[in-house]
Amino acid sequence: MFSLAGKVAAVTGASSGIGLAIAQRFQEAGAIVHGLDLSPREELPFPCAAVDVSREDEVASAMESIAALHGRLNIVVNNAGIQPLGVSFSEITGQLLQRTFAVNVNGVVFGTKHAARLMSTGGRIINTGSFVGLLGVPCGTAYAASKATVIHLTRLAAVELAPRGITVNCVCPGTIRTPAVTEIPDNPEIAFVEKRTPLGRLGEPAEVAAAFHFLASDEASYITGAVLPVDGGIAAGWEQYDLTLPANVQNGEWRETPA
């Protein structure tokens, strides 16, 4: 079940964190995996090419090489991204906004464009969104906006590519225990998420990779345009919301005049 045997997969941002977990999970399921990363590490258990996903020529060339080598390209995961959370409207600069969208949004557009060009029926494109693309958060000016864009691009591509039998879906992780989170000294996001997430903890990369694995499999053939949060429930609502009962509510009834 959920076998990827013989499938050729390209995963961007595959050197660490969620991307690495996805690539390893795909390998374990039998896929032939190629990583694309701005700074690939030599010790990876799969080939990984140096690619800046914000540059269309680099994305196109890398995917063409993979397809030519194996005679096919079955799965593409547009995962590479940068994460400038904590930047408010008063602090945002044109350079930061442009670079965030160049990587997080343009990378998805280029990855989708060239994956679709090289895929046949049954192809799978899966994008990495974020729970902050689903709800408003303070100081998410560049990053959260870019991930909201990724979510809608997923739907647009799903509709456009459906006649060709290519599915496009999006996984929206919550706060996951990756270097991008844990290497920030005294990161306040960790305590906040542990307190507010219904499941009460950070997620693990392997838990996110499992969702990608399913969506890449033949069993997910009737799923396209879906946005799947893997976030411990935080996008569904806060686990704790301290409120004082209004004086108008008495014994389970609303009274126009408070008692």
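Just so you know, all these numbers are worked out from the coordinates, no wet-lab data involved. Predicted model only: the values in this text are computed from it and were never measured. Backbone-built Cβ (ideal geometry, glycine too); neighbour counts: all protein chains shown.
Would you mind ranking Lys7, Lys195 so that the residue whose beta carbon has the fewest other beta carbons within 10 Å leads the list? Can you show the working numbers first?
Details: Lys7 23, Lys195 11.
Arranged by neighbour count, lowest to highest, Lys7, Lys195 become Lys195, Lys7.
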At q = 0.15, 0.23 Å⁻¹, what log₁₀ I(q)/I(0) does a Debye calculation on the Cα points of region 155-259 give, no solvent, two decimals? -0.77, -1.16
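Multiply the residue separation of Trp238 and Glu219 by 0.36 nm, subtract the distance between their alpha-carbon atoms, and state the gained length in nm to one decimal.
Details: separation 19, 0.36 × 19 = 6.84 nm, distance 3.22 nm.
Result for the pair: 3.6 nm of gain on full extension.
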Only Cα pairs within less than 10 Å get springs; with that Gaussian network setup on the chain, which residue of Gly30, Gly225, Gly71 has the largest fluctuation? Gly71
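Tell me, what is the percent relative contact order of the chain, built from C-alpha pairs under 8 Å that lie six or more residues apart?
Details: 525 pairs, mean separation 47.7, N = 259.
Computed value for the chain: 18 percent relative contact order.
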Could you tell me the calculated FRET efficiency between Arg41 and Glu194, based on Cβ-Cβ distance and R0 = 25 angstrom, to the nearest 0.05? 0.25
Ranking His152, His114 by Cβ neighbours within 10 Å, fewest first, what do you get? His152, His114
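Based on other C-beta atoms within 10 Å, arrange Phe46, Phe192, Phe131 from fewest to most. Each step should come with its number before you reach the end.
On the way: Phe46 17, Phe192 12, Phe131 24.
Placing the least packed residue first, the sequence is Phe192, Phe46, Phe131.
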Of all beta bridges DSSP finds with both residues in the chain, what is the antiparallel percent, to the nearest 5? 5 percent
Ignoring solvent entirely, what values of log10 I(q)/I(0) come out of the Debye formula for the chain at 0.16 Å⁻¹ when each Cα is a single scatterer? -1.16
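Leu134: net charge of surrounding residues, Cβ under 12 Å, Lys/Arg +1, Asp/Glu -1, itself excluded? All intermediate terms of the calculation are to be shown ahead of the outcome.
Values: positive: Lys147; negative: Asp231.
Once all neighbours under 12 Å are counted, the net charge is 0.
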Starting from the Cα-Cα distance between Ser88 and His152, subtract it from 0.36 nm times their residue separation and give me the gain in nm to one decimal. 20.8 nm
Round to a whole angstrom and tell me the spacing of the C-alpha centers of region 6-27 and region 242-256. 52 Å
Stretched out fully, how many nm does the piece from Glu160 to Ser61 gain, at 0.36 nm a residue minus the Cα gap? 33.3 nm
Highest GNM mean-square fluctuation among Pro205, Pro45, Pro163, for the chain with Cα springs under 10 Å, belongs to Pro163
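Work through the residues other than Thr224 whose Cβ is under 10 Å from its Cβ and net out their charges, Lys, Arg +1 and Asp, Glu -1. Before the final figure, lay out each step's value.
Details: positive: Arg124, Arg155; negative: none.
Taking every Cβ under 10 Å from that of Thr224, the sum is +2.
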